[in-house]
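The values are calculated or read from the model by the stated rules, or taken from the named source; none is laboratory data. Not measured: the values here are computed from a predicted model. Quick reminder, even Gly has a Cβ in these numbers, built from the backbone with ideal geometry, and neighbours come from all protein chains shown.
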Amino acid sequence: MKRAPIPAPSAIVRTRPDLKRVYHGIQGDLDQVEDKLRDLSRSPSPLISEVSGYLFQKTGKRIRPALILLCSKALDYHGPDNILLAALVELIHTSSLIHDDIIDNAATRRGKATVHAKWGPNITVLLGDYLYIKSINLSLQCRAPRVTSILTDVSVRMIEGEIKEYGLSGQLNLEETDYLDIIDKKTAALFSASCRLGGILGRSADGSEEALADYGLNLGLCFQVVDDLLDYTGDEGLLGKPVLTDLAEGRITLPLIHALSRDGARARGRIEGLLKEQKDNRRARQEIVDIVQSLGGLDYAFQKASLYCQKSKDSLARLPQSVYTESLSLLADFVLNRDA
């Protein structure tokens, strides 16, 4: 029997801009990015073509490519390099996801079998490495300065975040500062780099590049906190995975960190027992959610995400106002109030 969705935190308002409205001014460019991704999926190796083609079926929100497009256009960029860079950041993002799936031994992502599940860990590791290296190599074609150094730097930061998260896996005494450092590196760094690249393409002046990078950083932090919140509150059908999947895989995230800070000793002992049962026990999973909710963990996480959302929008005030900055503001609202 399908379990009813967990009630959302009281602060959450489930009204959000439609993504089609957010992307209205760049939809044609996003279509070109999809074409570029399909082109980059082709290889003389039939196996690389097969796996890459499977990966780049259009299933995601393409937020990171959209950030490059919106930010470059907000600074009146006209040229082909934003399409190439938008495709490259999606390659880097995808390679990080398939490496994550190996570490987590994940069978599904977005409701589909992972590369790890379909082709095994050996092919998955090699393909992740291939996509990373191909992205960096192709970035050398871009005429804008600093692009390759930014992409290599953000790749290093993402891997550092992954290693730190793995090293702290399952530790219920994880501090909020460590959690924020992990999501800064794993998620927010690529959001920020995408926006900075848009600023570089637009040859930003008067601090616009830094404003865009700040916007992306806070948007990425908001995105990941909401993602972690949805692990507790989301609908399994929309998420494409069971609730508390992250917790089952050892990721200790903000809702639980805050709950334990409120009632550490007593809650920790009970949660440690429930964690041993929860993979195949809906009652145990529900009790974990109930504990976290009763101790304010869900509301606290949403308030934190709301703060990052507002900070991202505040950064836009430092930019020339246009339909593209309006879309960036709407995108922040979408990220905050998304349900998948």
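Taking the listed residues ARG143, ARG64, the one that is buried (at least 19 other Cβ atoms within 10 Å of the Cβ), closer than 17 Å to LEU201 by Cα and in contact with a helix residue (DSSP H, G or I) (Cβ under 9 Å, 6 or more places away or on another chain) is ARG64, with no other qualifying.
Only one of the listed residues (SER139, SER149, SER169, SER194) is hydroxyl-bearing (Ser, Thr, Tyr) and within 17 Å of the chain's Cα centre (by Cα). That residue is SER194. Restricting attention to region 100-117, the residues that are of a type in the set (D, E, K, R) and in a helix (DSSP H, G or I) total 3.
Among the listed residues GLU165, GLU175, identify the single one that is touching a residue at least 24 places away in the same chain (Cβ under 8 Å) and surrounded by fewer than 20 Cβ atoms within 10 Å (Cβ to Cβ).
GLU175
A single member of SER192, SER204, SER169 is assigned to a loop (DSSP other than H, G, I, E, B) and under 24 Å from ASP314 (Cβ atoms), and it is SER204. Taking the criterion of being at positive phi and not charged (D, E, K, R), the only residue of region 133-192 that qualifies is GLY170.
Kindly establish whether VAL323 is in contact with a Pro (Cβ under 7 Å, 6 or more places away or on another chain) and of a type in the set (A, V, I, L, M, F, W, C).
No; evaluated as a whole, the condition is false for this residue.
May I ask you to list pairs of residues, at least six apart or on different chains, whose Cβ atoms are under 6 Å apart, with the first in region 285-312 being under 17 Å from GLU176 (Cβ atoms) and the second being among the acidic types (Asp, Glu)? Filtered contacts from region 285-312: LEU295/ASP263. Would you confirm, using the coordinates I've provided, whether LEU180 is over 17 Å from ASP100 (Cβ atoms), surrounded by fewer than 17 Cβ atoms within 10 Å (Cβ to Cβ) and either at pLDDT 95 or above or more than 15 Å from the chain's Cα centre (by Cα) (or both)? Judged against the criteria, LEU180 is not a match. The set of residues in region 118-149 being hydrophobic (A, V, I, L, M, F, W, C), part of a helix (DSSP H, G or I) and touching a residue at least 12 places away in the same chain (Cβ under 8 Å) consists of TRP119, ILE123, VAL125, LEU127, LEU131, ILE136, LEU138, VAL147. The set of residues from region 315-340 being under 30 Å from SER261 (Cα atoms), surrounded by 15 or more Cβ atoms within 10 Å (Cβ to Cβ) and not polar (S, T, N, Q) comprises ALA332, ASP333, PHE334, VAL335, LEU336, ARG338, ASP339. Output the residue which, of all residues in region 35-45 that are surrounded by fewer than 18 Cβ atoms within 10 Å (Cβ to Cβ) and among the charged types (D, E, K, R), is nearest to LEU126 (Cα to Cα). It comes out as ARG42.
Might you let me know whether region 239-249 holds any residue that is surrounded by fewer than 23 Cβ atoms within 10 Å (Cβ to Cβ), of a type in the set (S, T, N, Q) and more than 25 Å from the chain's Cα centre (by Cα)? Looking for residues that are surrounded by fewer than 23 Cβ atoms within 10 Å (Cβ to Cβ), of a type in the set (S, T, N, Q) and more than 25 Å from the chain's Cα centre (by Cα), one finds none in region 239-249, hence no. Out of all the residues in region 119-127, is one or more small (Gly, Ala, Ser) and under 19 Å from the mean Cα position of the chain (by Cα)? No, every residue in region 119-127 fails to be small (Gly, Ala, Ser) and under 19 Å from the mean Cα position of the chain (by Cα). Looking across region 172-185, the residues that are assigned to a helix (DSSP H, G or I) and in contact with a helix residue (DSSP H, G or I) (Cβ under 9 Å, 6 or more places away or on another chain) come down to GLU176, ASP178, TYR179, LEU180, ASP181, ILE182, ILE183, ASP184, LYS185.
Only a single criterion out of (1) outside any loop (DSSP other than H, G, I, E, B); (2) out of contact with any Lys or Arg (no Cβ under 8 Å at 6 or more places or on another chain); (3) in contact (Cβ under 8 Å) with a residue 24 or more places away in the chain is not satisfied by ASP76, namely (1).
On the given criteria, is GLY220 surrounded by 21 or more Cβ atoms within 10 Å (Cβ to Cβ), without any contact (Cβ under 8 Å) to a residue 40 or more places away in the chain and assigned to a helix (DSSP H, G or I)? Yes; evaluated as a whole, the condition is true for this residue. Just wondering, is there one or more residues in region 295-312 that are touching a Gly at 6+ places or on another chain (Cβ under 9 Å) and crowded, with 20+ Cβ neighbours inside 10 Å? Checking region 295-312: at least one residue is touching a Gly at 6+ places or on another chain (Cβ under 9 Å) and crowded, with 20+ Cβ neighbours inside 10 Å.
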